[in-house]
Amino acid sequence: MKSILKISLTVALIGLLSFQAAAQTSKYKCMLQMSNYMGEGAYMVVSIINPKGDYDKTLYVMGDDKKWYKTLKEWHKFYSKRPTDISAKTGASVTGGDRSTTTLEIEDSKINKGYKLRFETAVEDQKYYTADLEIPLTTEAMANKTEGKGYIRYVRLNKI
């Protein structure tokens, strides 16, 4: 009887912890407007950068042909060392003047703790931008439109 009680309590505790882990993320609608550049579609990766400036997590990759991932040089170094399945986090590349909307899931524990969202971009035979756009993961910064430095005109995040 005691073992049944222990098993039941263990299962309940695991279920509660799983529920809490799932409840600790928020979804954000990410609206991206590209600048009017000429050339191929931009490959882009959206990553979380930790307070030390290192890659923490890949949130989304725009461009689904893996042979071009190496053009996203800094992210590819991180990804090569710790490859993860990103197949559910990929989409088409985005060309000049286009708009793209996707949903990003961000852990609440990273908000207001010194983390950043980095948008890294590369276009075939053109300039590469390690940090085309960075957004501090603060409630204030995430509520504003953020201007890019290269292929990205701006990004706006809205909590869903």
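Looking at the structure I just gave you, is D65 among the acidic types (D, E) and free of Cβ contacts under 8 Å to residues at least 60 places away in the same chain? Walk me through it before giving the result.
Numbers: among the acidic types (D, E): yes; free of Cβ contacts under 8 Å to residues at least 60 places away in the same chain: yes.
Yes, satisfied.
Would you mention how many residues in the range 91-107 are within 14 Å of the chain's Cα centre (by Cα) and more than 14 Å from I152 (Cα to Cα)?
Residues that pass the stated criteria total 7.
Yes or no: the range 57-69 includes at least one residue that is among the polar types (S, T, N, Q) and part of a loop (DSSP other than H, G, I, E, B).
Taking every residue of the range 57-69 in turn, none turns out to be among the polar types (S, T, N, Q) and part of a loop (DSSP other than H, G, I, E, B).
Give the number of residues within the range 20-67 that are of a type in the set (A, V, I, L, M, F, W, C), out of contact with any helix residue (DSSP H, G or I) (no Cβ under 7 Å at 6 or more places or on another chain) and either buried (at least 17 other Cβ atoms within 10 Å of the Cβ) or modelled with pLDDT of 95 or more (or both).
9
Would you say V94 is touching a helix residue (DSSP H, G or I) at 6+ places or on another chain (Cβ under 9 Å) and under 23 Å from G150 (Cα atoms)?
no
Yes or no: R153 over 13 Å from the mean Cα position of the chain (by Cα), crowded, with 18+ Cβ neighbours inside 10 Å and at pLDDT 95 or above?
Taking the combined requirement at face value, the residue satisfies it.
The values are calculated or read from the model by the stated rules, or taken from the named source; none is laboratory data. Since the model is a prediction, treat every value here as computed from it, not as a measurement. All Cβ positions, glycine included, derive from the backbone under ideal geometry; neighbour counts span all protein chains shown.
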